């Protein structure tokens, strides 16, 4: 599945979501950057800060059918159950579906916009992996891109946030555990290294006279495992996209750009990774007689999740006869942004063979039901508490 935010596939699923809300009697609002907020009928909403649950609906290219989607649809289902049964609440419950979590335009785009407004100058510069501008993609959805600069919420605007997600790793399945309670989320960095040389004819320019940036890029990429190892045992560093310009087999390129993803659960190691990237790129460029330039796209700091909510998730799972364990998340999630403005927790369910960001991604319906029931139970507990507390 390839469902990039603001693509025709994304438009299709948003239309489907609207039909579900109409069918269930729910409200649906889309903010300026494309985040979707689903709510109960207005008459059923008490005046207090809401409890949120949700995830995302976009995917990586050729990804799986569970990453993000499970948490979004479980939040929708929780709203449907509450509305259908007329469950009385002390706080509103809302489902929130974040735009572009997978970072085509910016890492965790929608949730980042929830905690800090994007300046217009930055929005205007954001481009997708195909080179398209974010502001054009927003306009193509029929929205005013200027409204994307005013989407942030303040601390206290949200009472708590819960996210159900597939683990995307092998721990729960290998241990035979039903529910994972996430303790912290890894720090996530994105950037690019650009090597610049000179464009020439591939047949008539002698090798010794070339200023070819491609060998420099290759030498740099070969150093990625060493850069990660030097930063620490938990560090990971990936290049999943390379661009050569002008892009012809019979042309020595004048520019090669490597797009990077780097992660670590410790802030200091994240900084070491970035510094290692810069130094290795400079050394590779110097060795091959070309220039290098590093551009940071974004840094999302590692965050601990709320211990009180973790306890509530454990108690709920135990009451339902489900086994639990705690574990950190090595993947980035919208929850790490939400943790800046509200108490936040995550529920993991097992992933078959730990596969994710792949068509092989799978979680059983039984596992999804387990996770959704824990999500619903804790949502109701939070929304049934007296609104004046905490």
Which of the residues spanning segment 224-272 are within 20 Å of the chain's Cα centre (by Cα), crowded, with 16+ Cβ neighbours inside 10 Å and part of a helix (DSSP H, G or I)?
270
In segment 153-197, which residues are in contact with a helix residue (DSSP H, G or I) (Cβ under 6 Å, 6 or more places away or on another chain) and part of a loop (DSSP other than H, G, I, E, B)?
153, 169, 170, 178, 197
Is it the case, given these coordinates, that residue 293 is surrounded by fewer than 16 Cβ atoms within 10 Å (Cβ to Cβ), over 21 Å from residue 102 (Cα atoms) and in contact with a strand residue (DSSP E or B) (Cβ under 6 Å, 6 or more places away or on another chain)?
yes
Of all residues making up segment 107-130, the number that are touching a residue at least 24 places away in the same chain (Cβ under 8 Å), surrounded by fewer than 23 Cβ atoms within 10 Å (Cβ to Cβ) and in a loop (DSSP other than H, G, I, E, B)
7
Determine whether residue 328 is at pLDDT below 95, assigned by TED's automatic domain parsing to the domain that holds residue 172 and within 24 Å of residue 111 (Cα to Cα).
yes
The conditions are (1) in contact (Cβ under 8 Å) with a residue 12 or more places away in the chain; (2) surrounded by fewer than 22 Cβ atoms within 10 Å (Cβ to Cβ); (3) under 29 Å from residue 2 (Cβ atoms), and residue 369 fails exactly one of them. Which is it?
(1)
Looking at 74, 99, 160 in this structure, which one is in the same structural domain as residue 367 (by TED's automatic domain parsing), within 30 Å of residue 258 (Cβ to Cβ), crowded, with 21+ Cβ neighbours inside 10 Å and modelled with pLDDT of 95 or more?
99
Filter segment 329-340 down to the residues that are more than 22 Å from residue 236 (Cβ to Cβ) and either more than 17 Å from the chain's Cα centre (by Cα) or surrounded by 24 or more Cβ atoms within 10 Å (Cβ to Cβ) (or both) and list them by number.
338
Any pair with Cβ under 6 angstrom, 6 or more apart, that starts in segment 61-82 at a residue that is under 20 Å from residue 46 (Cα atoms) and ends at one that is surrounded by fewer than 20 Cβ atoms within 10 Å (Cβ to Cβ)
80/24
Every listed condition ((1) in contact with a strand residue (DSSP E or B) (Cβ under 9 Å, 6 or more places away or on another chain); (2) within 19 Å of residue 347 (Cα to Cα); (3) in a loop (DSSP other than H, G, I, E, B)) holds for residue 65 save (1)
Residues in segment 284-306 that are touching a residue at least 24 places away in the same chain (Cβ under 8 Å) and farther than 22 Å from residue 112 by Cα: how many?
10
Can you tell me how many residues in segment 347-364 are closer than 13 Å to residue 70 by Cα and not in a loop (DSSP other than H, G, I, E, B)?
3
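The values are calculated or read from the model by the stated rules, or taken from the named source; none is laboratory data. This is a predicted model, so every value here is computed, not measured. Glycine gets a Cβ as well: all are built from the backbone with ideal geometry, and neighbour counts include every protein chain shown.
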